[in-house]
Amino acid sequence: MDTDRSGELVALNADVVGYSALVADDLEATTRAMTEFHQMVAALVADNRGTLANFVGDSFMAIFDDAMAGLRTAIAIATKVEQRNTGLAGPRQIRFRMGMDQGEVSFANGNHHGDALNIAARIQAIAPAGGLAVSGRVYQALDEPALRFRATGRHDLKNIPEQVDVYEFFDLPSDRRHSAAHPALALELPTLAILPIHTEMVDETVRAAAGMIRHDLLHRLSTLPDLEVIDAPTEPGRGPSAIASYMVETGVHQFGSNVRVFAVLFDMETMNVVKSHKWMTTVEEMFTISDVVAGEVAHSVEVELVVGEPARLYAELDDPAAIEKIYLGWYHLRNDTKEGWHRALALFDDVARTHPERPYGFVLGGFALWLGATNGWASDPDAAFTQALELAEQGAAADDPTGMAQAVEAAVLMSRGAVDEALTKLDHLEIVRPTCDVTYGLEGSVRRYLGQWERAVDLLDVAMRLTGINKPWYPTVKASSLFVGGRLDEAASLAEGVLDYQPNNLEALLVLAAAQVELGLERRAQATGELIRQRFPSIDVQDWLEKTPYQRRETVERWKGDLTVAGAITQV
């Protein structure tokens, strides 16, 4: 492109992360590296028919005819930079933050001018280290199904009068993060490394007892179905951060005949302490404390990483076998299969039968039956709804403190079209102990159908805060609620996150396709519509929508219109 080109153009701005520290550490090496980068960037910009407007110190601005040329250049730069970083010590590795915008650019007196240049620079400043962020205008222009973005919302940018929609681009070679959705949605099962136990300055008796404590801890944690436990010493030459998202560090300190045992749970990404424990005992009692250590650490992991706040409720059963059945039931429901649903029902039924004085087996069984009826797993949905109501009533009679029994009743009534009765249940929902995520998830699901999307979003956020590993239907319902409320970029981004984990989630696919249509991303929408047809060839999407209990007809018509454009509905 000629250097004096003006018009509707794309600006790519980049800046080196931590440049001052690099210069302070080694001025000569940093200067040499920047000279090398200047030559590399100039060549890559030219390859994509762009103009390198400037390259001063640690930053540059490039101008392109279209967004795809700018994106190709950003990807190529990140690839070259990462190749150069291979083998370099962490403090000497260099990465750019990059930002892009599209708009009117003029050329006068040897310089380019325009808001697009300023906005690209401001977006660059909030881009992730080693990553690329783009404006809504660039995102709209990059209507390519294979490109992955995450909406970060509208931002106030310095000296820019209007808020700007910003999206992060994922899958750059320099981007070490997981998928955009997973850390925020907590859908992946956590991995936990158990480090060797520290036994310095202890006698042989204590060292032997310490080994038993670690063995018991590994065994107890391995019984949790939603947790991958790694015996760290079996991974030679690799630090715990390379193999796990969390770690447990244990140790013993001996003071004569007295011993202190400690255990600390760390988040490996932040190295923050999630939970710490310590116990005081004697050398003679070391062997008897082993079960206590394993039990308390495992319970902390259940609450903090896996089950969330409901683990405190289930612990009141004081029956390890029943608690394990509850956890296994949730595990099987997470598989989102008919077979898993049947297994979960059997497990929850066992808990209800062995502990009829407690509400948990009844309400969990009622919830599972509602889920099976709505997902098409039950051979007789109406009978499943009826049984779900009966179990929920039994749970309420057993003094359910969580409100889950009433929430199940409201969800069943809503599914049956009994709107007024469902509303009455919600309006009289009694939550003595606000620790059950399913209660809030179910209420949010019902509120969404009533058009109360903001309330639904708030409820789903509460549900996701209460559990260690989110049930995929929480972010799915939240995405649907955001779509109903017109927050399209957030809805699409959330649906994509769910689909990263659960590719065959029909509702998430429908949300994504409809949001893409309304965002003007018709190529992406058509690709999503094709996925829906491929993955669900026997499902009549129009019929599915007609049976979905939205209370506003215009909502259903809006869904149908968008999904027709996407190709998920072939006839209206």
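The values are calculated or read from the model by the stated rules, or taken from the named source; none is laboratory data. Since the model is a prediction, treat every value here as computed from it, not as a measurement. So basically every Cβ, Gly included, is an ideal-geometry build from the backbone, and we count neighbours across all protein chains shown.
Using the structure shown, decide if Arg455 is without any contact (Cβ under 8 Å) to a residue 24 or more places away in the chain, of a type outside the set (Gly, Ala, Ser), within 23 Å of Glu557 (Cα to Cα) and surrounded by fewer than 24 Cβ atoms within 10 Å (Cβ to Cβ). Before the answer, list the steps.
Numbers: without any contact (Cβ under 8 Å) to a residue 24 or more places away in the chain: yes; of a type outside the set (Gly, Ala, Ser): yes; within 23 Å of Glu557 (Cα to Cα): yes; surrounded by fewer than 24 Cβ atoms within 10 Å (Cβ to Cβ): yes.
So Arg455 passes the test.
Per-residue answers, yes or no, for (1) of a type outside the set (S, T, N, Q); (2) over 19 Å from Val412 (Cα atoms); (3) in contact with a helix residue (DSSP H, G or I) (Cβ under 6 Å, 6 or more places away or on another chain):
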| residue | (1), (2), (3) |
| --- | --- |
| Tyr440 | yes, no, yes |
| Leu450 | yes, no, no |
| Glu454 | yes, yes, no |
| Asp458 | yes, yes, no |
| Val462 | yes, yes, yes |
| Leu466 | yes, yes, yes |
| Trp473 | yes, no, no |
| Phe483 | yes, yes, yes |
| Leu494 | yes, yes, yes |
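Sort out for me the helices (runs of 4 or more DSSP H) sitting completely within region 462-572 that have 3 or more residues that are surrounded by 19 or more Cβ atoms within 10 Å (Cβ to Cβ) and modelled with pLDDT of 90 or more.
Qualifying helices (runs of 4 or more DSSP H): 473-484, 488-501, 506-518, 522-535, 553-566.
Consider Glu454 carefully, then state whether it is more than 23 Å from Val138 (Cβ to Cβ), in a loop (DSSP other than H, G, I, E, B), acidic (Asp, Glu) and in the same structural domain as Met414 (by TED's automatic domain parsing).
Answer is no for this residue.
Being farther than 14 Å from Ala525 by Cα and surrounded by 15 or more Cβ atoms within 10 Å (Cβ to Cβ) is the filter here, so list the residues in region 142-164 that pass it.
Scanning region 142-164 gives Phe149, Arg150, Ala151, Thr152, His155, Leu157, Ile160, Val164.
Of the residues in region 474-488, how many are touching a residue at least 60 places away in the same chain (Cβ under 8 Å) and either over 16 Å from the mean Cα position of the chain (by Cα) or under 20 Å from Pro549 (Cβ atoms) (or both)?
Result for region 474-488: 1.
Condition first: over 19 Å from the mean Cα position of the chain (by Cα) and not in a loop (DSSP other than H, G, I, E, B). Now tell me which residues in region 428-444 satisfy that.
Within region 428-444, Thr439, Leu442, Glu443 meet the criteria.
Given Met286, Met280, Met268, Met212, which one is more than 26 Å from the chain's Cα centre (by Cα) and at pLDDT below 90?
Only one candidate passes the filter, namely Met286.
Just one of His219, His215 is over 30 Å from Gly372 (Cβ atoms), out of contact with any Phe, Trp or Tyr (no Cβ under 7 Å at 6 or more places or on another chain) and without any contact (Cβ under 8 Å) to a residue 12 or more places away in the chain; which is it?
Within the list His219, His215, the selection yields His215.
Do we find that Leu52 is modelled with pLDDT of 90 or more, assigned by TED's automatic domain parsing to the domain that holds Pro91, in a helix (DSSP H, G or I) and in contact with a helix residue (DSSP H, G or I) (Cβ under 7 Å, 6 or more places away or on another chain) in this structure?
Numbers: modelled with pLDDT of 90 or more: yes; assigned by TED's automatic domain parsing to the domain that holds Pro91: yes; in a helix (DSSP H, G or I): no; in contact with a helix residue (DSSP H, G or I) (Cβ under 7 Å, 6 or more places away or on another chain): yes.
Against the criterion (modelled with pLDDT of 90 or more, assigned by TED's automatic domain parsing to the domain that holds Pro91, in a helix (DSSP H, G or I) and in contact with a helix residue (DSSP H, G or I) (Cβ under 7 Å, 6 or more places away or on another chain)), Leu52 does not qualify.
Using the structure shown, decide if Thr79 is touching a Pro at 6+ places or on another chain (Cβ under 7 Å), hydroxyl-bearing (Ser, Thr, Tyr) and modelled with pLDDT under 95.
Against the criterion (touching a Pro at 6+ places or on another chain (Cβ under 7 Å), hydroxyl-bearing (Ser, Thr, Tyr) and modelled with pLDDT under 95), Thr79 qualifies.
Does at least one position in region 362-377 carry a residue that is surrounded by 24 or more Cβ atoms within 10 Å (Cβ to Cβ), of a type outside the set (A, V, I, L, M, F, W, C), more than 20 Å from Lys425 (Cα to Cα) and out of contact with any strand residue (DSSP E or B) (no Cβ under 9 Å at 6 or more places or on another chain)?
Among the residues of region 362-377, not one is surrounded by 24 or more Cβ atoms within 10 Å (Cβ to Cβ), of a type outside the set (A, V, I, L, M, F, W, C), more than 20 Å from Lys425 (Cα to Cα) and out of contact with any strand residue (DSSP E or B) (no Cβ under 9 Å at 6 or more places or on another chain), which makes the answer no.
In this structure, does Ala29 turn out to be in contact with a helix residue (DSSP H, G or I) (Cβ under 8 Å, 6 or more places away or on another chain) and not in a loop (DSSP other than H, G, I, E, B)?
Numbers: in contact with a helix residue (DSSP H, G or I) (Cβ under 8 Å, 6 or more places away or on another chain): yes; not in a loop (DSSP other than H, G, I, E, B): yes.
In short, yes.
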